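The values are calculated or read from the model by the stated rules, or taken from the named source; none is laboratory data. These figures come from a predicted structure and were not determined experimentally. Because the Cβ atoms are built from the backbone with ideal geometry, glycine has one as well, and the counts that use them run over all protein chains shown.
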Amino acid sequence: MTKNGQSITKFVHSIVSSNLSYEHALMMGYANLSALARIIKKRLERQGYAVTEEAIVSALKRYKSAKRYDELEAFKVLSKSNITIITDALKIVFKNEKAEEIIESSMNISDKIIHISKTSSALTLVTYGLSKTEALKRFSKYRLQLLEIKDGLTLIVIHSPAEILNTPGCIELIYRFISSAGINIEDTSSTYTDTLIVVKDEDASKAFEEITHLINYSKEKLKE
């Protein structure tokens, strides 16, 4: 118990769930529980909570057990997923003020557009087989709306079964595996059962490796 009479488990779980590196190490089984407990203990003590290392280790074990159960359905979905890699991708971001007009204008290169996403402030087009020079020429009318244009990108598409639509945790697992490998996600979105992730060309091989590992890891988890 903490000095306020609250369960230490609640605080430990909160710390681990908000720290990607802690959670990933714990769930993948390579975390040194004692070392992690000492780190968390110092953090809790700075906040005025008195707790033993042993209590934190116990809380970490409970977290891992509960999390494994929560992720079981996500593992079932991801174990049936597969990957497509699309190279030579280009990301173009415009201000949202002329979004509808830009979308209509982009239809003349619809065969090169992989994805379009629109928010309250920006419009993003992800294309392939279109050079930066060609894109700037095609959208020259909207140069004042252009916020960013970036090439040297690869699009990774994770195709999953329809169960992903109603299964929480699937996307979080994908992001966790990619981020834990130190890979920056340049852009991401989902369309029906596909999860789209854009990364730099130099990170594509590693990202593919991590997602493949996640799919295989999911299959292994279902056998346990």
*Give just the number: which of (1) closer than 25 Å to Pro161 by Cα; (2) of a type outside the set (Ser, Thr, Tyr); (3) modelled with pLDDT of 95 or more does Ile116 not satisfy?*
(3)
_Here is a list: Thr193, Thr154. Which entry is touching a Pro at 6+ places or on another chain (Cβ under 8 Å), surrounded by 15 or more Cβ atoms within 10 Å (Cβ to Cβ) and in contact (Cβ under 8 Å) with a residue 12 or more places away in the chain?_
Thr193
_Tyr49 hydroxyl-bearing (Ser, Thr, Tyr), farther than 28 Å from Ala204 by Cα, under 27 Å from the mean Cα position of the chain (by Cα) and surrounded by 14 or more Cβ atoms within 10 Å (Cβ to Cβ)_ = no
*asked:* With farther than 21 Å from Ala207 by Cβ and either in contact with a strand residue (DSSP E or B) (Cβ under 9 Å, 6 or more places away or on another chain) or not charged (D, E, K, R) (or both) as the only criterion, which of Thr154, Thr127, Thr188, Thr167 stands out?
replied: Thr167
*Every residue from region 96-115 that is among the small types (Gly, Ala, Ser) and surrounded by fewer than 16 Cβ atoms within 10 Å (Cβ to Cβ)*: Ser105, Ser110
*Name the one entry in Val93, Val77 that is touching a residue at least 40 places away in the same chain (Cβ under 8 Å), closer than 30 Å to Ser121 by Cβ and surrounded by 15 or more Cβ atoms within 10 Å (Cβ to Cβ).*
Val93
*Tell me which residues, restricted to region 20-45, are at pLDDT 85 or above, among the small types (Gly, Ala, Ser) and exposed (fewer than 14 other Cβ atoms within 10 Å of the Cβ).*
Ser34, Ala35
*Please verify whether region 162-178 includes one or more residues that are hydroxyl-bearing (Ser, Thr, Tyr) and surrounded by fewer than 17 Cβ atoms within 10 Å (Cβ to Cβ).*
yes
_Residues located in region 166-213, provided they are of a type in the set (A, V, I, L, M, F, W, C) and either modelled with pLDDT of 95 or more or under 23 Å from Leu90 (Cβ atoms) (or both)_ = Ile174, Ile178, Ile183, Ile185, Leu196, Ile197, Val198, Val199, Ala204, Ala207, Phe208, Ile211
*If we keep just the residues of region 116-144 that are among the polar types (S, T, N, Q) and under 14 Å from Glu97 (Cβ atoms), which is surrounded by the most Cβ atoms within 10 Å (Cβ to Cβ)?*
Ser121
*All positions within region 54-85 that are modelled with pLDDT under 85 and farther than 13 Å from Ala37 by Cβ*: Ser65, Ala66, Lys67, Arg68, Tyr69, Asp70, Glu71
*Residues that are closer than 22 Å to Met107 by Cβ and either in a loop (DSSP other than H, G, I, E, B) or touching a Gly at 6+ places or on another chain (Cβ under 7 Å) (or both), drawn from region 138-197*: Phe139, Tyr192
_Conditions (1) over 30 Å from Leu147 (Cα atoms); (2) in contact with a helix residue (DSSP H, G or I) (Cβ under 7 Å, 6 or more places away or on another chain); (3) not basic (Lys, Arg): number failed by Ile85_ = (1)
